[in-house]
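Everything below concerns the one structure shown next.
The values are calculated or read from the model by the stated rules, or taken from the named source; none is laboratory data. Note that the structure is a prediction, hence the values are computed from the model and not measured. We place every Cβ from the backbone using ideal geometry, glycine too, and count neighbours over all the protein chains shown.
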Amino acid sequence: MKRGFLEATTLGFAHALTRAMFAEQTARQRGLLQSLDPRVRLLGLFMLVLAVTLSRKLSVVAGLFALALVIAVLSKVRIATLATRVWLVVLAFTGVIALPAIFVTPGHPVAALGPVTVTEQGLCTAALLILRVETAVTFTTLLVLCTPWTHVLKALRALRLPKEAITMLAMTHRYVFLLVETASQMFESRRSRTVGTLKPAEQRHMAARTAGVLLSKSINLSNEVYLAMQSRGFRGDVHVLSDFHLTMWDYCGLLVFLLAEGIAVWMGR
Amino acid sequence: MHIPDGYLSPSTCAVLYTGAAAGWYSALKRLKRVLFNRVIPLISVFAAFSFVVMMFNLPLPGGTTGHALGVTISAIVLGPSGAILALSIAIAIQALFFGDGGISTLGANCFNMAIVGSLVAYASYRLIAAGAALTARRRVVAAAVAGYLAVNAAALLAAVEFGIQPVLFHDASGTPLYAPYRLSVAIPAMMIGHLTFAGLAEAVISAGLVAYLQVADPALLCGTSGVAASADGIAERPAARSLQTLWIAIAALMLVTPLGILAAGTAWGEWSPAELAKAPAIAQEVNSLQSVPSGLQRLSNLWTAPFPSYAPSFVRSRGFGYLLSAMFGVGFLLAVSLALRLLLQRHRRREYSA
């Protein structure tokens, strides 16, 4: 059955909240990535994403994909979850983009499908694009699933990101959930008072009105947050606690990440 | 429009990270000059708001739906610096927390949507809404146009970034290593969707939000409408000042009109029958024409312009002729708009008295 505008938007909000809660649950598991210092995790997975984008050979990208699978299994991330939440979505999106490249990329013809010709270069570029995106998104998802947001922020601070940016990221993350919930409740309440189908113009007006009210609420919220910060004596100096300590295990992890990235870049050049 | 990892080469990502970093630095520096303590929660909550607005499933004419970016309303309420930071934070959270958009392409996404999007939205909104009252309908139209332009500018940039990949990054056999389509394919493929749906979604939400704010909270529109937010509240700035800027800009543009003389040749497709007959290169270009088409010959004498080729017959200097033509053109347009305004006012008065 085709979902209406209210249902689709409410479901979108619920989906985002579920994803966020699922990530928090996975981050609490005892696995390989979870056992490493967040700074090592962040840096290591960033480097692997960089290695994926630097590699020019399909075999090397495939090797990195296999490495992502091993890390996922050792970090207690279910392969079925990755398949449904990442691989199928990426395949659908990137596949549609990559498919015409099989036919339109000039090169050595390998097969003819009616009036169009499949080229070797076209097949290679489509496979490389899909596999590269799948692998990079898998590494990013592993970071998201295995690291609580607060740890990501602290790790980013360790990477010398400005304090102001960290503060704003932390605040935004906190209020995203509040606003998602508020918007969801607004749509739910409208849905419960709706009989029949809304016309497209009515739906647009409603969306704009809801967004407008949400904007007003956001501004009021920012005023309250500002006053709360003032009451606590905020003078513009941000202090971020950094209670992370690197152990031998973390150094070993960092070394393995560095080695994997070095080998992939060297072999895939 | 969120570019995932793997579509752009590392060098492209590095260049765009540098561009984005310059934008972030400049925005932070500008905001630090004003009341930064107040700005931190405002930008954070606005980033959260943009994030939520991006999730709205907007119904569009034609039965489809689209998602807005929220860049235009951020630029209108916060100004360009605030919008750059708010959108960048929203995009970073999408990438780092929800895995939407890449990490290596975070700089590119922020550059396209947050920086260029905000600047285009702000500039076009200010230009179109210049001098209009806070509750004027023109502001709603300006927001819609600004939203449409901002999204399409960001999409065009993304398309160009995709389109240069196969040219710059391919292996020895010619296999593209990243996004596989050249500019001739990437630009139309990207722009069709954005010119029709995504741009429209942003236009709808921006116009709707400005219309809502005009009724519910007009003070929020002050920041970018000739009313500047200051440390001790919102202080009124004369609206005539933005009009003054517009007049100065028009005068400057009129003064530089003689620059057109420097251009060699005639604009493509704007040839007179005499030029078309004289220049064999043009005839060859236009499908090997052998003679001037009879229709063109006949219709070219239908209307004789008072200032042909921007050079009135009574003026000897070509440069002065250009300047005079510009002044005449601007004056004529002003007279037409004034006449329309008077007509509309009279019509409204009649409706009111009826």
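A compact table of results
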item: Residue in the range B:128-137 that is closer than 19 Å to B:Thr18 by Cβ and touching a residue at least 24 places away in the same chain (Cβ under 8 Å) present; result: no
item: Selected residue (criterion: surrounded by the most Cβ atoms within 10 Å (Cβ to Cβ)) from residues of the range B:28-39 that are within 11 Å of chain A (Cβ to nearest Cβ) and in contact (Cβ under 8 Å) with a residue 24 or more places away in the chain; result: B:Val39
item: Cross-chain or 6+ apart pairs with Cβ under 6 Å, the range A:106-118 first and more than 21 Å from B:Val167 (Cα to Cα), then outside any strand (DSSP E or B); result: A:Val110/A:Glu120; A:Val116/A:Phe103
item: Among residues of the range B:1-10, those that are facing chain A (nearest Cβ under 10 Å) and surrounded by fewer than 22 Cβ atoms within 10 Å (Cβ to Cβ), counted; result: 2
item: Within the range B:166-205, tally of residues that are under 23 Å from A:Pro109 (Cβ atoms), part of a helix (DSSP H, G or I) and either out of contact with any strand residue (DSSP E or B) (no Cβ under 7 Å at 6 or more places or on another chain) or more than 10 Å from chain A (Cβ to nearest Cβ) (or both); result: 3
item: B:Ala150 at negative phi and surrounded by 17 or more Cβ atoms within 10 Å (Cβ to Cβ); result: yes
item: Enumeration of residues in the range A:69-102 that are within 25 Å of A:Gln25 (Cβ to Cβ), within 12 Å of chain B (Cβ to nearest Cβ) and of a type in the set (A, V, I, L, M); result: A:Leu82, A:Val86, A:Val89, A:Val90
item: B:Ala108 hydrophobic (A, V, I, L, M, F, W, C) and either under 24 Å from A:Gly44 (Cα atoms) or surrounded by fewer than 24 Cβ atoms within 10 Å (Cβ to Cβ) (or both); result: yes
item: Which numbered condition A:Thr138 misses (of (1) at pLDDT 85 or above; (2) closer than 17 Å to B:Leu106 by Cα; (3) at the interface with chain B (Cβ under 8 Å from one of its Cβ atoms)); result: (3)
item: Failed criterion for A:Ala62 (all others in (1) touching a residue at least 24 places away in the same chain (Cβ under 8 Å); (2) surrounded by fewer than 19 Cβ atoms within 10 Å (Cβ to Cβ); (3) within 13 Å of chain B (Cβ to nearest Cβ) hold); result: (3)
item: So B:Thr135, is it among the hydroxyl-bearing types (Ser, Thr, Tyr) and either away from chain A (no Cβ under 12 Å) or on the phi > 0 side of the Ramachandran plot (or both); result: yes
